[in-house]
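The values are calculated or read from the model by the stated rules, or taken from the named source; none is laboratory data. Please read these numbers as outputs of a predicted model, since none were measured by experiment. Reconstructed Cβ throughout: ideal geometry from the backbone, glycine too, with neighbour counts over all protein chains shown. Ligands, DNA and RNA are stripped out before the accessible areas are found, and what is left, the full protein with its side chains, is counted by its heavy atoms. Shrake-Rupley method; radii C 1.70, N 1.55, O 1.52, S 1.80 Å.
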Amino acid sequence: MRYIIAIIQPNKLNDVLDKLEQKEIHLVTVSEVMGRGRQKGVGEVYRSHKENGSLLRKVKLEIAVNDEFVQTTINAIKETAYSGNVGDGKIFVLDLQEVLRIRTGDTGKNAIG
Amino acid sequence: MPRFFSTKRLPAFFALLIACCAVLWAGSALAEEAAPAAAAAAPAAPAVNSGDTAWVLTSAALVFLMTVPGLALFYGGLVRKKNVLSVLMQCFFIVCLVTIEWVVLGYSMAFGPDAGGGLVGNLSYAFLNGVGQTPHAVYANTTPHLAFMLFQMMFAIITPALIVGAFAERMRFVPFCLFILLWSVVVYNPVCHWVWSPDGFLCKWGSLDFAGGTVVHINAGMAALACALFLGKRKGYPDRMSPPHNLPFALIGAALLWFGWFGFNAGSAVAANGLAASAFMTTQVATALAAITWALMDFIFVGRATVLGVITGAVAGLVAITPAAGFVNLWGAVFIGIAAGIVPWIMVSIIKPKLGYDDSLDAFGVHGVGGMVGALLTGLFATSDVNSLGQGLFYGKPEQLWLQFEAIAITMIYSFVVTLVLLVIVNVICKLRADEHEETVGLDLSQHRETAYTVIN
């Protein structure tokens, strides 16, 4: 089992979710985050006091998948979140040790099947 | 099982309740005694004009709106999320506190018959004794006396509310309440008397203040400066500043302020007449120009016209036109508006950062400095074509500029010094400044145990 964390541009969220649905990947947690890569953010001005930009809005997707679905998921996200511009985001793949469905008590592959 | 509230303070509560009942009973007895005597002595009262009365009562409601939610949202949107409730609460509660203070003794101190020397009124109007449905001989004498009292009450309410901008994000709530009450009694009431009561010495000397440039804005501005200096800087100022957490709030607040200000300025004609219309016009024009000028200043020096800049410019314009609204014509309004977009901008963007004091929301920079600009320019641009009571330097009365300057200087010194003294006194009774933990956690949680925006549920 793997845990996939993807940071993408906020405007790509709906496309990515649609594509994941198409590929039969239903389970996902989405959150709004702020972050930066090597590009700087847009500086804000407050009563003529300038702030150097440092953080930008992004969206984080967290998906727990069984091994068979890892590559499908990565491809789905990679293709739809791509725009060619700096700031498209990253995908992290982590090992997942244990999963439990709270309602039924299922564990392991059945919990995220 | 934990109690919902603590019964530790119950005896103190009952003692306070009994004390309040005693004061109210004594007050009503006093009012009843004096009322028959007053009625017997009063000459035939002037007639009540329904148009004037309607406008004065409406204006009172408009000025009320300026404090809540106008100023509350304006300031609330400018502070950090963790402090928004504290600012809203301070504005809202000032309305409540000063209403009572005004009815009990404030109106009497400000507009009552002179107690001597043109310094303060006596207490003959305390508890609204003698303030009834018949007009006063002089104040808004075509409307019920109560209407004028209510109109002035709203000014007495918004003036301390302006000071909130200076100590936002770092004053504890209970000492704040005490400070506001004392300030209203000791600073606002006398200054109001000096300028707006015919017995007041500044009024006798001939200084012009149509709707409160001196009484409200310079007064509050200097008090704000005193508070900013006494309380010290917020933690992390100026290196780690936080941007306004809700600029939409701030804009809505500024728009409500502008709307309410028509009651503030045009209402100060205390009549539904041409002067009110003229004051309305000058208010509108000066404000619009000030906002445009500030946007231009931002665009030239910072690179973009900002929302915060435009709304601050509008407020600066409103402040500056306040003393002049019913004394100047269109061109006076034009010059005042442009000046209000330039001088406070320089104060806020260049001078304040250099001097380094922490006036959180620029109460001194905008209200104090804007008020001074407006009051001085009134001395230049007042024309008797608009209002027979006012004549400025450009229209043949050069002394007016000096008279304005005198009034400004006296108010500045009095407000600053007495506010500092009050701060010292209140600080001894209960500490004013929130400590580091309270400031970090945020005043909403530390002072009120409440959160403005719950994230989860």
For the range A:78-113 the number of residues that are part of a loop (DSSP other than H, G, I, E, B), on the phi > 0 side of the Ramachandran plot and surrounded by 13 or more Cβ atoms within 10 Å (Cβ to Cβ) is 1
Picked from the range B:412-445 (must be under 13 Å from residue B:173 (Cα atoms) and not charged (D, E, K, R)), the residue surrounded by the fewest Cβ atoms within 10 Å (Cβ to Cβ) is B:430
- prompt: Right, residue B:143: part of a loop (DSSP other than H, G, I, E, B), open to solvent by less than 10 Å² (accessible area, probe 1.4 Å) and among the hydroxyl-bearing types (Ser, Thr, Tyr) or not?
  reply: yes
Filtering the range B:304-330 down to residues that are under 17 Å from the mean Cα position of the chain (by Cα) and within 14 Å of another protein chain (Cβ to nearest Cβ) yields B:312, B:315, B:316
- Return a yes/no flag: does the range B:119-126 have any residue that is within 30 Å of residue B:237 (Cβ to Cβ) and either buried (at least 24 other Cβ atoms within 10 Å of the Cβ) or modelled with pLDDT of 95 or more (or both). no
Away from chain B (no Cβ under 14 Å) and surrounded by 14 or more Cβ atoms within 10 Å (Cβ to Cβ): does that describe residue A:74?
-> yes
In the set B:198, B:238, B:244, the lone residue that is touching a helix residue (DSSP H, G or I) at 6+ places or on another chain (Cβ under 6 Å), part of a loop (DSSP other than H, G, I, E, B) and open to solvent by 10 Å² or more (accessible area, probe 1.4 Å) is B:244
Scanning the range B:328-338 for residues that are crowded, with 24+ Cβ neighbours inside 10 Å and either free of Cβ contacts under 8 Å to residues at least 12 places away in the same chain or within 14 Å of residue B:280 (Cβ to Cβ) (or both) gives B:328, B:333
Of the residues in the range B:251-306, those that are within 21 Å of residue B:389 (Cβ to Cβ) and assigned to a loop (DSSP other than H, G, I, E, B) come to B:270, B:271, B:272, B:273
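Residues checked against (1) more than 23 Å from the chain's Cα centre (by Cα); (2) farther than 29 Å from residue B:233 by Cβ; (3) of a type in the set (A, V, I, L, M):
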residue	(1), (2), (3)
B:340	no, no, yes
B:358	no, no, no
B:368	no, no, no
B:398	yes, yes, no
B:403	no, yes, yes
B:415	no, no, no
B:419	no, no, no
Wholly inside the range A:1-77, strands (runs of 3 or more DSSP E) that include 2 or more residues that are touching a residue at least 12 places away in the same chain (Cβ under 8 Å) and more than 22 Å from residue A:112 (Cα to Cα) are A:29-35, A:56-65
Within the range B:345-364, of all residues that are among the aliphatic types (A, V, I, L, M) and either more than 13 Å from residue B:169 (Cβ to Cβ) or open to solvent by 20 Å² or more (accessible area, probe 1.4 Å) (or both), the one farthest from the other protein chains (Cβ to nearest Cβ) is B:355
Is there a residue in the range B:80-97 that is open to solvent by less than 10 Å² (accessible area, probe 1.4 Å), in a loop (DSSP other than H, G, I, E, B) and in contact with an Asp or Glu (Cβ under 7 Å, 6 or more places away or on another chain)? no
When the range B:271-292 is checked residue by residue, the ones that are closer than 22 Å to residue B:78 by Cβ and either within 14 Å of another protein chain (Cβ to nearest Cβ) or surrounded by fewer than 24 Cβ atoms within 10 Å (Cβ to Cβ) (or both) are B:288, B:292
* When you look at residue B:404, is it more than 14 Å from chain A (Cβ to nearest Cβ), without any contact (Cβ under 8 Å) to a residue 12 or more places away in the chain and within 26 Å of residue B:263 (Cα to Cα), yes or no? -> no
